[in-house]
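The values are calculated or read from the model by the stated rules, or taken from the named source; none is laboratory data. Being a predicted model, the structure only gives us computed values, none of them experimental. FYI the Cβ positions are ideal-geometry reconstructions off the backbone, even for glycines, and counts take in every protein chain you see. Side chains are part of the model used for accessible areas, which takes the heavy atoms of the whole protein and leaves out ligands, DNA and RNA. Shrake-Rupley method; radii C 1.70, N 1.55, O 1.52, S 1.80 Å.
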Amino acid sequence: MNPSRGLAAALLAAVLCAPAAAQETDYAVLSGSCTGRAPAPPRISGGPAYDWKAAPPSDDVRALWTAAGDRYDEASGHLLDVSSRPVSQADYRRQMSPFDASYESVDPLVWSSLMSGGYRLDEKTCRLVSPDGKGPLLRLQVEVYRRGLQAGYRREQLTELLASLRGLPLGAKIPAEVLERARQAEQAGVALPPNVRRLLADAGTTVGDLRGAVLPSYEASTRFFDSARGLKETALRALPPIAGISAPERRPAYYDSLSTRLGRAFDADLKSQFESVKPSGPRMLGRFPDGLPPIVMMKISQRPWEKGRGRAAAQADPANGAIEINYWDAARVALESAPAASRAALTKDFADPATLARYLLAHPEARKAFISREDVVLYHELTHVWQQHRDAVALEDLRGNVPAMEPLEYEHEAFREQFRYLTDKLAVQPREALQGGWTDSYRLLLQEGYERFNDEQIDKNYVGTFAGVSNFKTVEQVQAERRSIASRLEASSPTLYGKALELLKLAGLSRGASALREDARAYRGRAAEFVVKILPEMRRAGYPRLVAAYEKYGTPAQALAAALEMPRPKGAPFGVPEDEARRLAAAAAKELSSTAGAAMSYERYEAWTAYGGYVDRTGARWPDGLARQAQGEWEKAAEDELRKAAAEKDPAVRAGELKWARAYATWTPPADRAALERRSRALGGRS
């Protein structure tokens, strides 16, 4: 009775993005009035056309409409959209009016990028304010920002496609891994050109067909980006990074006195917390001898709990060396730490982030609760800021000399660093370590090993969720493709200016290629050291701390599960003494029998599988009453999953429910199990 750990890993996949406990906060009240009700409406196509001759726009406005994909027709005096239809007066007025977050929503990726780029939401007007303070963003500006972001991701994905096809016979079929990578990119929000999408969907497409479609699209986007950058900026990127000349400038992290005071208070709180968790905490502090980076609270997503970065408690802004705390998570933790009688009123008050900021300043216990709950996440994000300080490739990325693709090795390192910190925290703050919600994924790392954990729990989650993630090997291949195409564009350019532009770009790309090689080599060395030296020590120290923490602050079943996972001496059935394992198993059995009939959940699933694992390892008999109870609960869980699968229309969700139904069915009597399997096959669930 011990279903595959793979099922548990699948259920825990969401833990890596959202480890916190189930949310009880009333976000409908907390969210305020700026969370949008619907995506931006379609363009207005009817009515009189806007006459540019009668009301000529400024050069800046003309450039804005051009960037949005529209064009000016000299003959008619009309502005034409991407379908060559005249833009109506009504549409022109709407596009030139301020974006209103009270009823319009934007893609989570666009919102997060705007906030990290220095834009801010005016909660009173629901307008987006630009970093230079020049007034609210227009709807058209938001659309141009979205298109620019998409164009950058699309360009990098096209380059990756070209790199993946390099060296393959032109008449060969497209490899399955190339098709899967393109599917993952689209799932993450990258919109490939329609002709490329059609070829990827056609089973008869050859390497030559796809390369022939991708290359012109990539070269066209490259010429656009190169011309927008210009000769001066391209020349600066070819130089070594020099502060104030050729290195990117950082904008101020804080945007008003309130954010400054709150950020400095959080900085002091986090420093105090890190000083108490040794040696990991002081090690992180030592990476920032001038003090921890600024911490800024903001709405990382327009609405709470949105896909992607909106689910994070915090995120790094390496370009500006700052940590961004997610307002939604800070509000949730502040409410949970407040007296129960005050929560209803505070929920309404906190709909205004400024009110929440003032509350956090006046209530250090609320800040401490946030730091205690989310310090592991903050450690992870600080690792990203440290990478930006340390790694040459991170700086060349900001300068545009390497592809705008985040190597997954950055995440691998950030996760292993946060789990080193969690190992130390379990020793000094065990209850808080459990409350942070990261111990399940921590156990997966200890049990599955570094490579499998990276593949199953990081790479597969990130690739399908965030645009622009890859690995060093792929980024180096893409860099080689970029250099090859730049060389061809230089050779074929009919003008001296075009040749100079490409030669300067090649100099910058060479600098980026060198940084990629050096940093990739260094990352491999650090990863090898972790596998050989650090991970074994984490297992040796972490498991006993987990068992003790679970037994004191968790449940006996959790303690038993961790004890079963512990490395064991040769010939020993457990990593803990046998009498301790027996005592934990008896306590887990008592806990299960006292809660008979409870609905199946991950915690209950783990409790049953932990006790089953103990029985399997010792050869002990199941107590009759407990065996019958287990049969009944697992049979009901299998039936519930089959009912959900029968009603589910999404094939991917349905497949997951059927997978769980088959796992639960392993604890039904043989005749019933056969019936359940027949129903599963009828629903399309044959494995």
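Determine whether residue 674 is out of contact with any Asp or Glu (no Cβ under 8 Å at 6 or more places or on another chain) and modelled with pLDDT under 60.
yes
Can you name the residue in the stretch 305-333 that is open to solvent by 30 Å² or more (accessible area, probe 1.4 Å) and charged (D, E, K, R) and is also nearest to residue 347 (Cα to Cα) among such residues?
Top of the filtered list is 311.
Hey, can you tell me all the residues within the stretch 36-68 that are touching a helix residue (DSSP H, G or I) at 6+ places or on another chain (Cβ under 8 Å), crowded, with 16+ Cβ neighbours inside 10 Å and farther than 24 Å from residue 101 by Cβ?
Within the stretch 36-68, 49, 50, 57 meet the criteria.
Evaluate the following for residue 520: is it under 28 Å from residue 566 (Cα atoms), touching a helix residue (DSSP H, G or I) at 6+ places or on another chain (Cβ under 8 Å) and either small (Gly, Ala, Ser) or outside any helix (DSSP H, G or I) (or both)?
Details: under 28 Å from residue 566 (Cα atoms): no; touching a helix residue (DSSP H, G or I) at 6+ places or on another chain (Cβ under 8 Å): yes; either small (Gly, Ala, Ser) or outside any helix (DSSP H, G or I) (or both): yes.
No, not satisfied.
Residue under question is residue 431, and the condition is that it be farther than 18 Å from residue 390 by Cβ, open to solvent by 30 Å² or more (accessible area, probe 1.4 Å), modelled with pLDDT of 95 or more and in a helix (DSSP H, G or I); does it hold?
yes
From the list 197, 146, exactly one residue is assigned to a helix (DSSP H, G or I), in contact (Cβ under 8 Å) with a residue 40 or more places away in the chain and not acidic (Asp, Glu). Which is it?
Going through 197, 146 in turn, the sole match is 146.
Cβ-Cβ under 6 Å, sequence separation 6+ or interchain: first residue in the stretch 28-50 and at negative phi and modelled with pLDDT under 80, partner open to solvent by 80 Å² or more (accessible area, probe 1.4 Å) and outside any loop (DSSP other than H, G, I, E, B). Which pairs?
29/348
Scan the stretch 624-652 and report the pairs whose first residue is without any contact (Cβ under 8 Å) to a residue 12 or more places away in the chain and whose second residue is of a type in the set (D, E, K, R), with Cβ atoms within less than 8 Å and a gap of 6+ or a chain change.
648/654; 648/657
Here is a list: 549, 507, 557, 561. Which entry is over 21 Å from residue 436 (Cβ atoms), in contact with a helix residue (DSSP H, G or I) (Cβ under 7 Å, 6 or more places away or on another chain), part of a helix (DSSP H, G or I) and hydrophobic (A, V, I, L, M, F, W, C)? Break it down into steps so the answer makes sense when it comes.
Values: 549 fails: over 21 Å from residue 436 (Cβ atoms); 557 fails: over 21 Å from residue 436 (Cβ atoms); 561 fails: over 21 Å from residue 436 (Cβ atoms).
On inspection, the qualifying residue turns out to be 507.
Looking at (1) surrounded by fewer than 16 Cβ atoms within 10 Å (Cβ to Cβ); (2) assigned to a helix (DSSP H, G or I); (3) not small (Gly, Ala, Ser), which is the one condition that is false for residue 170?
Exception for residue 170: condition (2).
Residues that are surrounded by fewer than 19 Cβ atoms within 10 Å (Cβ to Cβ), free of Cβ contacts under 8 Å to residues at least 24 places away in the same chain, within 27 Å of residue 447 (Cα to Cα) and not charged (D, E, K, R): does the stretch 559-570 have at least one?
yes
List the helices (runs of 4 or more DSSP H) inside the stretch 599-668, counting only whole elements, that have at least 1 residues being farther than 27 Å from residue 574 by Cβ, touching a Leu at 6+ places or on another chain (Cβ under 6 Å) and at pLDDT 85 or above.
In the stretch 599-668, the matching helices (runs of 4 or more DSSP H) lie at 624-647, 651-664.
Looking only at helices (runs of 4 or more DSSP H) that lie completely in the stretch 202-304, which have at least 3 residues being of a type in the set (Lys, Arg) and open to solvent by 70 Å² or more (accessible area, probe 1.4 Å)?
257-276
Condition first: more than 16 Å from residue 400 (Cα to Cα), basic (Lys, Arg) and open to solvent by less than 70 Å² (accessible area, probe 1.4 Å). Now tell me which residues in the stretch 491-517 satisfy that. Quick ask: steps written out before the conclusion?
Of the residues in the stretch 491-517, the ones more than 16 Å from residue 400 (Cα to Cα) are 491-500, 517.
From what is left, the residues that are basic (Lys, Arg) are 499, 517.
Residue satisfying the conditions is 499 alone.
Determine whether the stretch 442-465 contains at least one residue that is in contact with a Lys or Arg (Cβ under 7 Å, 6 or more places away or on another chain) and surrounded by 20 or more Cβ atoms within 10 Å (Cβ to Cβ).
yes
Counting just the residues of the stretch 118-137 that are open to solvent by less than 30 Å² (accessible area, probe 1.4 Å) and assigned to a loop (DSSP other than H, G, I, E, B), which one comes out nearest to residue 184 (Cα to Cα)?
Here the residue is 118.
Just to check your reading of the model, which residue among 102, 84 is among the hydroxyl-bearing types (Ser, Thr, Tyr), modelled with pLDDT of 85 or more, in a loop (DSSP other than H, G, I, E, B) and touching a Ser or Thr at 6+ places or on another chain (Cβ under 7 Å)?
Numbers: 84 fails: touching a Ser or Thr at 6+ places or on another chain (Cβ under 7 Å).
After ruling out the rest, the residue left standing is 102.
So which of 109, 114, 140, 161 is closer than 30 Å to residue 355 by Cβ, part of a helix (DSSP H, G or I) and open to solvent by less than 30 Å² (accessible area, probe 1.4 Å)?
Checking each option against the conditions leaves just 114.
Just a yes or no: is a residue in the stretch 586-603 under 30 Å from residue 666 (Cα atoms), of a type in the set (Phe, Trp, Tyr), out of contact with any strand residue (DSSP E or B) (no Cβ under 6 Å at 6 or more places or on another chain) and surrounded by fewer than 17 Cβ atoms within 10 Å (Cβ to Cβ)?
Yes; the residues of the stretch 586-603 include at least one that is under 30 Å from residue 666 (Cα atoms), of a type in the set (Phe, Trp, Tyr), out of contact with any strand residue (DSSP E or B) (no Cβ under 6 Å at 6 or more places or on another chain) and surrounded by fewer than 17 Cβ atoms within 10 Å (Cβ to Cβ).
Go through the residues of the stretch 181-196 one by one and say whether even a single one is under 28 Å from residue 37 (Cβ atoms), among the charged types (D, E, K, R) and under 22 Å from the mean Cα position of the chain (by Cα).
Yes, there is a match, as at least one residue in the stretch 181-196 is under 28 Å from residue 37 (Cβ atoms), among the charged types (D, E, K, R) and under 22 Å from the mean Cα position of the chain (by Cα).
Residues that are closer than 30 Å to residue 463 by Cβ and open to solvent by 10 Å² or more (accessible area, probe 1.4 Å): which helices (runs of 4 or more DSSP H) entirely in the stretch 334-408 hold 2 or more of them?
On the way: elements: 343-349, 353-362, 364-390, 392-399.
In the stretch 334-408, the matching helices (runs of 4 or more DSSP H) lie at 364-390, 392-399.
Scan the stretch 79-102 and tell me whether some residue there is within 27 Å of residue 311 (Cβ to Cβ) and surrounded by fewer than 17 Cβ atoms within 10 Å (Cβ to Cβ).
Keep residues of the stretch 79-102 that are within 27 Å of residue 311 (Cβ to Cβ), which gives 99-102.
Those left that are additionally surrounded by fewer than 17 Cβ atoms within 10 Å (Cβ to Cβ): 100, 102.
Yes, that holds for at least one residue.
Residue 524: within 18 Å of residue 413 (Cβ to Cβ) and either open to solvent by less than 20 Å² (accessible area, probe 1.4 Å) or at pLDDT 90 or above (or both), yes or no? Spell out the reasoning first.
Values: within 18 Å of residue 413 (Cβ to Cβ): yes; either open to solvent by less than 20 Å² (accessible area, probe 1.4 Å) or at pLDDT 90 or above (or both): yes.
Criteria met by residue 524.
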